[in-house]
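What follows is one structure encoded as structure tokens, with my remarks underneath.
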Amino acid sequence: MLNLVDKLILLYELLLTVHILLFNYNIPNWTGHIQLNIIISVWIFFSAWAVKHYDRQPFKFLHTFYPIFLLIWHYPQACELRYSVIPFSLDSFFSKWDLALFQLPLYEILPKKLNLIGLEIFHFIYFSYYLLLGIPAWIVYKSRHPKIPEYIFVITLTCIIHQWLIILIPVDGPVQLRPEIIPDGILFIPIMNLIYQLDAGGGAFPSLHVAGALITCIYANIFLPKLKLLWIFAFIAITLSTFICSYHYPIDSLIGGITGWLCYIYLPRIYVYIHT
């Protein structure tokens, strides 16, 4: 009844619950996290049961793609848990590394060089990551593209790996500088400000935005190869937006690209190995 991704997420929820219980003294509202983990676990069993007993839409679609929607909670949850092991930010350490590598605070300089329209465009690009996670796979879903299950497995495990890194390596990024650097904006700046009011963010290292964008753009090219130039542009633009919008240090994005590439190299092999 449960598929591979179901079992993967259930294992994550179990390990996360154990982590919360072990470090509850550093976690505000730790009981709320456990309650939500239980709700998610119940949903996974229910969706698997629904597909088995009602093999039709929308149950099949929801059971296939619910891991994408779960990212709406899993990433902010990881951010909320980032001080559970190391109870302080490592920003001073990573910002020094960033300056040593790039010589300049690009996350401050670049946004100041753009006008309002330019900043709105890059905030739209940053926001487009959330759309990119699902839309290419949804487009080819009706044709039952054989790579969809592999993509869901790889992007889910990529996110789980990076969520644990966020929890274990607490780096807030330059987001606290945004009020001084980024204007109020017209549309996408306010949208992103609203998202970060609902989700305080702070899970900066390594950049899940970049790692996830790399995985999704590679698979988007597999799903829709005629749009290859679009996917290349999307990955480069999203990577730039992470520090132009002052959400990440460039070093966060660089390491996110490396870890994302490693996930692309090895996680599909794990998927194939499990299925053979």
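Points to keep in mind about this one:
- A single entry from Pro76, Pro87 fulfils the requirement of being within 22 Å of Gln197 (Cβ to Cβ) and either loosely packed, with under 14 Cβ neighbours inside 10 Å or in contact with an Asp or Glu (Cβ under 6 Å, 6 or more places away or on another chain) (or both): Pro76.
- In the stretch 178-194, of all residues being free of Cβ contacts under 8 Å to residues at least 40 places away in the same chain and not polar (S, T, N, Q), the one that is surrounded by the most Cβ atoms within 10 Å (Cβ to Cβ) corresponds to Pro190.
- Helices (runs of 4 or more DSSP H) enclosed by the stretch 176-276 - at least 1 residues per element that are in contact with a His (Cβ under 7 Å, 6 or more places away or on another chain) and aliphatic (A, V, I, L, M): 188-198, 208-223, 228-244
Quick grid of which residues meet (1) free of Cβ contacts under 8 Å to residues at least 12 places away in the same chain; (2) closer than 18 Å to Leu15 by Cα; (3) part of a helix (DSSP H, G or I); (4) over 19 Å from the mean Cα position of the chain (by Cα):
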residue	(1), (2), (3), (4)
Leu36	no, yes, yes, no
Phe46	yes, no, yes, yes
Val51	no, no, yes, yes
Leu71	no, yes, yes, no
Phe88	no, no, no, yes
Leu104	yes, no, no, yes
Lys112	no, no, yes, yes
Ile125	no, no, yes, no
Leu131	yes, no, yes, no
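- Count of the stretch 49-72 residues, restricted to those that are farther than 19 Å from Ile135 by Cα and surrounded by fewer than 18 Cβ atoms within 10 Å (Cβ to Cβ), is 7.
- Residues within the stretch 133-174 that are in a loop (DSSP other than H, G, I, E, B) and either more than 17 Å from Trp73 (Cβ to Cβ) or of a type in the set (Val, Ile, Thr) (or both), tallied: 13
- Summed over the stretch 55-69, the residues that are over 30 Å from Ala204 (Cα atoms) and either in contact with a helix residue (DSSP H, G or I) (Cβ under 9 Å, 6 or more places away or on another chain) or part of a helix (DSSP H, G or I) (or both) give a count of 3.
Bear in mind these aren't lab numbers, they're just calculated from the coordinates by the rules spelled out. Everything numeric in this text was worked out from a predicted model, so none of it was measured. Every residue, glycine as well, gets a Cβ built from its backbone with ideal geometry; the counts of neighbours run over all protein chains shown.
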